[in-house]
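Novice: Before anything else, here's the structure in question.
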Amino acid sequence: MTARLGKILSSLGAGLLATSLAACGAGGFVEIPIETPIAPKLDVTKFQRVYVAGFLAGANEDVDANMETVRLLRSQLRNKNVLRVVDADTVPLAERALKDAPAPAGTPETPAVDPATGQLPPVTTEADLEPYTKVFSDASYWKQVGEEHEQPLIVTGSVLFVPQERSGFVQREQEVYDSFGRRTVVPVRTYMERKGYVLRPTFVFIDGRTGEQLYSESFREEVLYNATQQTPALSSYFELMDRLLPTFLNTLSAQRIKGNRVLLK
């Protein structure tokens with residue numbers, strides 16, 4: 001009895017709300033554009049320059065995740081004009097990381113860096129990257145890098161960009177016509193094989209004056225396409241990076257999120 005009464009009251013409330021909104025609609029709504037400021041995560045007032053130094057990235061035939069990320073972030077930082085972007089070669093980060101990394105089990109020495117790209121040997125998981133990430137805690141190394149570039153804020157980190165495949169049921173909308181030719185749209189569950197990519201960047205911010213790590217943040221984005229769809233890897237990389245760029249930029253500068261607020265007349 002109580003459950004039934006609750007349903008009745010809920011239906012009545014929904015009906016009253018709909019009636020109220022309809023009545024207000026006759027008088028009209030007022031839609032007001034608003035901007036919500038979000039404070040930066042780092043205080044960068046003590047820096048005049050920012051140096052995107054390079055990223056640890058596994059060898060990839062289709063996308064040089066290290067250099068593409070460097071170019072993209074430098075371009076975005078120039079557009080924001082928060083700090084002066086240092087236009088210099090990237091550091092040999094993979095070589096430095098390999099010097100201190102342990103040798104893989106069963107091998108006499110650490111693997112070599114790809115001489116063509118400067119990338120690490122094949123890396124497909126975060127666990128593969130783990131042995132190399134202690135390079136970001138090497139304060140003496142980063143202090144030296146900072147001294148060579150007028151003590152900027154240093155941006156570095158790691159980028160994993162790897163293909164993925166997934167199969168399963170996907171819900172999609174399908175048009176259905178009855179015997180009278182009337183069209184309706186119904187949800188249909190279909191088993192599909194999909195292919196795409198996963199992007200897992202970690203951005204590390206280092207004080208170029210001391211070499212100390214100030215902040216780091218990791219992200220994960222993925223995209224899947226129908227198995228028959230041919231999408232270039234580089235296009236997928238930029239699509240995924242585009243999703244997280246506002247959050248990255250918010251680390252260094254205030255951002256404004258635009259939206260609308262609806263008021264009743």
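Novice: Hey, could you pull the Cα Rg and Dmax for the range 129-229, both in Å?
Specialist: 24.1, 78
Novice: Also, quick follow-up: Among the aspartates and glutamates, which fall within straight-line cross-link reach of LYS134, defined as a Cα-Cα distance under 12 Å, with same-chain neighbours fewer than 8 residues apart omitted?
Specialist: ASP100
Rule-based calculations on the coordinates, nothing more; no lab input. Owing to the predicted nature of the structure, the values given are computational and were not obtained by experimental measurement.
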